[in-house]
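Input: a single structure, listed below in C-alpha cells.
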Amino acid sequence: MFNRIFAIAKKEMRQLKRDTRMLFIVFFFPVVLLAIFGYAINFDVHHIKIAVYDQDRSLISSEYFDLVTYIDNDDQIKKMLDEKIVQAVVVFPKDMSRRLLSKQEVKIQFLVDGVDGTSANVIQNYVNAATYSYSIQLTKEYLAVTGKNLYVPIDLQPRFWFNPDLQSTRFLIPGLMGMILIITAVISISLSIVREKERGTIEQINVSPLSSIEFILGKTIPYIVISLINATIVLLAGYILFDIVIKGNMLLLLLGTFAFLFAALSLGVFISTIADSQQVAFQAANVTSLLPSLILSGFIFPIESMPIAIQVLTNITPAKFYIVILRAILLRGAGISAFWDQLIYLGIFGLVFIALATLVDKKSKNK
Amino acid sequence: MNAIEVKNLTKVFGKFTAVDNINFDVKQGEIFGFLGANGAGKSTTIRMLIGILEPTSGDALVSGYSIKNQSDLVKKNIGYMSQKFSLYNDLTVVENIRFFAGIYGLDGKKYEERKNWVLKVADLENMENVITGSLPGGIKQRLALGTAVIHEPKIVFLDEPTSGVDPISRRNFWDLINELSEGGTTVLVTTHYLDEAEFCNDIILINAGKLIAQGNSKELKTNYIKNPILEIESDRIVDSMEILEKEKWVGETSIFGNYIHVILNDNTINEGHIYDLLRDKNGISVKRVEKITPTLEDVFIHLIEKDSKKNVQ
Amino acid sequence: MKTIFQFIIKELLQVKRDKKMLVVIFMAPILQLIFLGYAANMDVNVIHTTIYDQDKTSTSRDFIKRFEQSGYFTIDHNVSNYEEVTDLLNEGKTLVAIVIPKDFEKKINRRETAPLQTLFEGSDGNKASIALGYIQGIATKFSQGIVAETKDKLGMKISLSGSLIPEVRVWYNPEMKTRNYMVPGILGLILMISTISLMSMAVVREREIGTLEQLIVTPIKNYQLILGKLIPFTLIGFVVLIIVMIIMTQWFGIVVRGNRLFLLFTALLFVLSNLGIGLFISTVSKTQQQAMMASVFAIMMPMIYLSGFAFPIENMPVVVQYITYLIPLRYFITILRGIVLKGIGFSSLWFETLILFGMGVTLLIFSSLRFSKKIE
C-alpha cells in the first residue's frame, strides 16, 4: 500500500518539479504578497486629514492630525468631505474666546466623514479625547491661578498587553498568512486532481489496483510537503520583515500548521471530486476559500459581531481556526490550553471533507 | 502548378533543429503521405505549412501563397485536422458545424448544402442535436474532417487523423479521404500506420528533421532496398535472430510478429543456407524460409536504421 | 461581423451547457454578497469583559452596572485574584479586564482620585482602542456625575471655568455602520473575482483542449477572436453586476444616493478593465493551472488588499500607496462609495472615471496585441 502511495507522490513531485512557472508562483508570490500587504494592511488611524476654520491650533499639534487647509465658508465643508480631501472638519464658533472667558461652555463642532465607519469611530474617540484634555488643561490653568486643584474622581490607567503600541499590523499578519496558505493549498490540490480527470489519465488510475484513498493520499503528500515549506517561508518572512517573533512553542506551531493543512487540503480534495473541469474547480475554490478566508475567518471582521447564522457559516473556512492558533502562539506565546479546541475542529473539518470526498467519488464511479 | 512547394524549410527551437532544410513538392489533387517516427518533425512541418508556426529559414508555397508573408491567404485555402480532437465537445453536432461555417463565412443556401454534406459523410443525419462529446471516436473523427473541409479548401492537412481509431472506422475514414481526392482536393496526411501509406500517391519519409526518402510506394520498395529479403518462421525467434546476426552475410534483422525478416548482404545466399545454419547447426526447428519483396515497413526500418547510424558517426 | 456573432453564440452555448458553471457564475455572487455582507462588520459591539472588583461596595457595583447597561460590554467573568485575570488575558478569553481598587468608594467619598486599572488583550489593536474609547466615555460620565453631586452637596453653583464640549457629527453614515461601507466594497470584489476568473480561463482553456489550434488555422482575425470572447463575457459580467446591485439595494436596503445610470456606466468600465486583465493572463499562460494561480496571486490578492476595500489606503506606506494607483478596483470602490453613500456624481468623480476608462481601453488593446495567432 505504501509503495503505491509513494509511487503516486513521486510522480506528482516530478510533474511539479518540471512546471517551473507554477513553482515560481507557489513559492515566490506568497513572500512578495506578505511583504507588500504586511506593510499595507493596518487599521491604525494616524494623520487624519482635517480642515479648520479658526486660528486656534491646539488640536492640530497632535501627531494624529494633519492639517490640510483652513476654510472660511460653509459651502467649502461639503466639497472637502465629498471629494475626500479631508476626513474631518473642525468648526470653532465665532464667540469662542468670549464665552470661554465668561466661564461658559463652548461647543466645538466636528464634522466627520462617516463612510468608513471604523475610522470614523476612531476619529470620534480622538477628537473627544483631544477636546477633553485641552479643556482640562484650561481648567487646571485657571484653578492654578486661584490656588485650587482640579478634582478628577477616576484616573483611567489603561495597559495594553502583548501589543503596547496598539499596532494592528501584528494582529493582521497571522490572518494574512492563513489566507495565503489556504489558497495555495486548496487551489493547487483541487486543480491537480481535476486536471487528471480532464486529461483522462484518471481512468488509467481507476483501472489500476489503486484505491481512492491511496490515490488521494499519494496526491496529497507532495502538497503537504510544499505547503509546509511554504508555511516555513512565510513565517520566516514574517520574522525578518515584521519582527514577528514566535513567542510560543515551535512544535505546537508545527502541529497547528499541520492540522490546518490537513483540513485545507481535504477541502481541496472534496472540491476536485465534485468538479469535472478545472474551470469549475477554480471557481469553487475561489468561492470556498478566497473570500471566506478573508471575510469569514475573523482575519479582519470580528466573528462575534456577526449575526448568529453567519457565525455558524464561518466554520466553512479552516483559516478561522488556524488564525486563532497563530495569534495565540505568535502574539501571546500561549500554550496548548489556549487553542486545543481549535486543533480538534481542524481535525474534524479534515475528516468530514475527506469522508465526503470518498463518498462522492464512490458514487460517481458507480454511475 | 504544384499544390505545395517546400523550399529549404528549417525550424530551430533553441539548440534543437526540429526540421532540417527539407524540400518536396505535392502535386494537385494527390494524396501525399508524410511519414516518420514520433518526434521526427512531422507536426512541426505541418504547423509551418498551415501558417501557425514561423519557419526559422526557408519558405513554402501553399496553393501558390508564401507561408512566410501571406499566411492569411494560405489559411483561406486550406483545411486542417489534428490528432487531438478539436471540435467543441460541449456543443452539439450542428452547433459545431454552424460555428466553423460561420468562421469561414458560409451562410444561406451554401451553408445548408455543406451542413448536409458534413452530416452525410459523418453518418450523422438525424443526429445533429447530439452532444459531440458523446459520439464514438470514429464518427467524431469523420465529423472533424467534414468540418475541417466545410469551406471546400483546395488543400487539406491531416495530422495523424486516425490515431486511436478502430480498423473499420479507419477504413471508412480513408474512403472519405479518397472521395475528397477524387473531387480534386489535395490531401497531405501524416500517419504511422504503414498500411495507410499504401493508399498514398506519393510518400516522403523524414527522420530527425531530415528528409531521407521520397517516391511512390513502388519506387520506395525497389529503389531503397536492393538486396534480397528472407522471411523466416521458426519456434525460437529471439535465439534465431541472435545466431543470424553473427553471420557476415546478414545485413539487418527485424522481428515482424512471429517472423524474422533478414536483409542479406550477399546475393549468393539462399534459403538453404538458413536451414543449414539454424536447423542443422543449432537445432532450431525452422518452419518456413521464403524470399519476399520488401514491405514499406522493411524499407522504413532499413532507412531509419541506416540514417541513425550515420547520425551517430 | 457575422464571424464575431457566431463566436458569441458559441461561447454562450458553452456556458449554458455547463450547468455547474452556470450555478457558480450566477449563484455564487448572490450568496457571497448576502453572507459576506452580513459578516463584513467591524462594529465593535461585543466586548468580552472581566471584572475584578476588589472593593465590592455600592459605588463599585453602580460603576459596573454602567458597563452592563452600555450594550457593548459582555461581562463573562467576575474574578477574585490577579492570576485569573492573567490567565484569561493570556488565553485570549477576554478582551479587557477592569480592576476596581479596594478603596474605590472610600477615595471617591474623600474627594480623592481613584486609579482604575484596565488591562487589554491588545493583539487586536484596533478593537482595543475602540473599547478604550467606550470605557473612557463611561468613566468620564461617571466622573461628571460625581463632580456634579459633590457640587450640589457643597452648594456650589457656577462652573469653575469655561470648558470645551466636543460635538461630533458624522456625515453620510451617521450610525457609523461598517456594513454600509463594506457592502459596496464587497460588491466590487465579487464583480472583480467573477469576471477575472472567467476571462483568465477563456483562451488558455481552448489552448489546453486543442481547439485554439483549430481556430488559428482558420482565416479568423485576431480582433474577431478577441471580440468574440470579450462580448459574451461582458454580457455575463453585466448580468452579474445587475444581480449584485439589486441585492445591495433591495436585500441590504442600501440606498443609492447618486445617479444609478452613472453607477452602471462606471461599473461597465470596471468590468471591461477586469476582462482586459483576464484576457492578458489567459494569453500568456500555457496551462489553466498557471492562469488560475497567476490570477489569484498576481491580480486578485493585490486587488483585495490594496484597493482600500478594508484597509484604508491613507494608512499605507507611501511606496505602497503608489502601487495602489495601478489597481482598477481602487478607483471603482471610490466611485461606488461616492455614488452610493455620498450621492456625488461625475463632477467629483471625473478623475476616477477617466482612469477606469483609460485602464480598460489600454488593457484590452495591450492584451489583444499580446495575443498572437502564432504558436510557440
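The values are calculated or read from the model by the stated rules, or taken from the named source; none is laboratory data. Just so it is clear, the structure is predicted and the values come from calculations on it, not from any experiment. Heads up, the Cβs are rebuilt from the backbone with ideal geometry, glycines too, and the neighbour counts pull from every protein chain shown.
Consider A:VAL32 carefully, then state whether it is at pLDDT 80 or above and either on the phi < 0 side of the Ramachandran plot or of a type outside the set (A, V, I, L, M, F, W, C) (or both).
yes
Looking at C:VAL183, C:VAL170, can you tell me which residue is farther than 25 Å from C:GLN289 by Cα and outside the structural domain of C:MET292 (by TED's automatic domain parsing)? I'd like the intermediate steps shown before the answer.
Details: C:VAL183 fails: outside the structural domain of C:MET292 (by TED's automatic domain parsing).
Selected residue: C:VAL170, the only one of C:VAL183, C:VAL170 that is farther than 25 Å from C:GLN289 by Cα and outside the structural domain of C:MET292 (by TED's automatic domain parsing).
Could we say that A:ILE295 is touching a helix residue (DSSP H, G or I) at 6+ places or on another chain (Cβ under 6 Å), closer than 26 Å to C:ILE196 by Cβ and not acidic (Asp, Glu) here?
For A:ILE295, the condition - touching a helix residue (DSSP H, G or I) at 6+ places or on another chain (Cβ under 6 Å), closer than 26 Å to C:ILE196 by Cβ and not acidic (Asp, Glu) - is met.
Name the helices (runs of 4 or more DSSP H) wholly inside the range C:1-58 in which the number of residues that are within 10 Å of chain B (Cβ to nearest Cβ), under 34 Å from the mean Cα position of the chain (by Cα) and β-branched (Val, Ile, Thr) is 1 or more.
On the way: elements: C:2-17, C:19-22, C:28-39.
Here the list reads C:2-17.
Within the range B:236-269, restricting attention to residues that are among the charged types (D, E, K, R) and in a loop (DSSP other than H, G, I, E, B), which residue is modelled with the lowest pLDDT?
B:ASP266
Among the residues of the range B:200-224, which ones are outside any strand (DSSP E or B) and out of contact with any Ser or Thr (no Cβ under 9 Å at 6 or more places or on another chain)?
Scanning the range B:200-224 gives B:ASN216, B:SER217, B:LYS218, B:GLU219, B:LEU220, B:ASN223, B:TYR224.
Considering (1) at pLDDT below 85; (2) within 13 Å of chain C (Cβ to nearest Cβ); (3) closer than 24 Å to A:GLN283 by Cβ, say which one A:PHE242 fails and leave the rest.
A:PHE242 satisfies every listed condition except (3).
Name the helices (runs of 4 or more DSSP H) wholly within the range A:294-367 that hold at least 3 residues that are small (Gly, Ala, Ser)?
The qualifying helices (runs of 4 or more DSSP H) are A:340-366.
Okay, residues lined up against (1) outside the structural domain of C:LEU36 (by TED's automatic domain parsing); (2) in a helix (DSSP H, G or I); (3) more than 20 Å from the chain's Cα centre (by Cα); (4) surrounded by 23 or more Cβ atoms within 10 Å (Cβ to Cβ):
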| residue | (1), (2), (3), (4) |
| --- | --- |
| C:ILE193 | no, yes, no, yes |
| C:MET199 | no, yes, yes, yes |
| C:VAL204 | no, yes, yes, yes |
| C:ARG207 | no, yes, yes, no |
| C:VAL255 | no, no, no, no |
| C:LEU263 | no, yes, no, no |
| C:GLY278 | no, yes, yes, yes |
| C:SER282 | no, yes, yes, yes |
| C:VAL296 | no, yes, no, yes |
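Return only the number of the condition from (1) in contact with a helix residue (DSSP H, G or I) (Cβ under 6 Å, 6 or more places away or on another chain); (2) not assigned by TED's automatic domain parsing to the domain that holds B:GLY36 that B:ASN267 does not satisfy.
(1)
Across the range A:130-157, which residue is surrounded by the most Cβ atoms within 10 Å (Cβ to Cβ) among those that are more than 7 Å from chain C (Cβ to nearest Cβ) and under 20 Å from A:HIS47 (Cβ atoms)?
Residue satisfying both the conditions and the ranking: A:ALA130.
The rows are residues; the columns are (1) in contact with a strand residue (DSSP E or B) (Cβ under 6 Å, 6 or more places away or on another chain); (2) more than 23 Å from C:LYS342 (Cα to Cα); (3) in a strand (DSSP E or B); (4) at the interface with chain C (Cβ under 7 Å from one of its Cβ atoms).
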{"position": "A:VAL68", "(1), (2), (3), (4)": "yes, no, yes, no"}
{"position": "A:ASP72", "(1), (2), (3), (4)": "no, no, no, no"}
{"position": "A:LYS78", "(1), (2), (3), (4)": "no, no, no, no"}
{"position": "A:LEU81", "(1), (2), (3), (4)": "yes, no, no, yes"}
{"position": "A:VAL89", "(1), (2), (3), (4)": "yes, no, yes, no"}
{"position": "A:SER97", "(1), (2), (3), (4)": "no, yes, no, no"}
{"position": "A:LYS103", "(1), (2), (3), (4)": "no, yes, no, yes"}
{"position": "A:ASN121", "(1), (2), (3), (4)": "no, no, no, yes"}
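Return only the number of the condition from (1) under 20 Å from A:LEU254 (Cβ atoms); (2) within 11 Å of chain C (Cβ to nearest Cβ); (3) under 13 Å from the mean Cα position of the chain (by Cα) that A:PRO302 does not satisfy.
(1)
Select, from B:PRO55, B:PRO136, the only residue that is at pLDDT 90 or above, assigned by TED's automatic domain parsing to the domain that holds B:PHE24 and more than 17 Å from B:THR186 (Cβ to Cβ).
B:PRO55
Filtering the range C:95-130 down to residues that are acidic (Asp, Glu) and not in a strand (DSSP E or B), which residue is surrounded by the most Cβ atoms within 10 Å (Cβ to Cβ)?
It comes out as C:ASP124.
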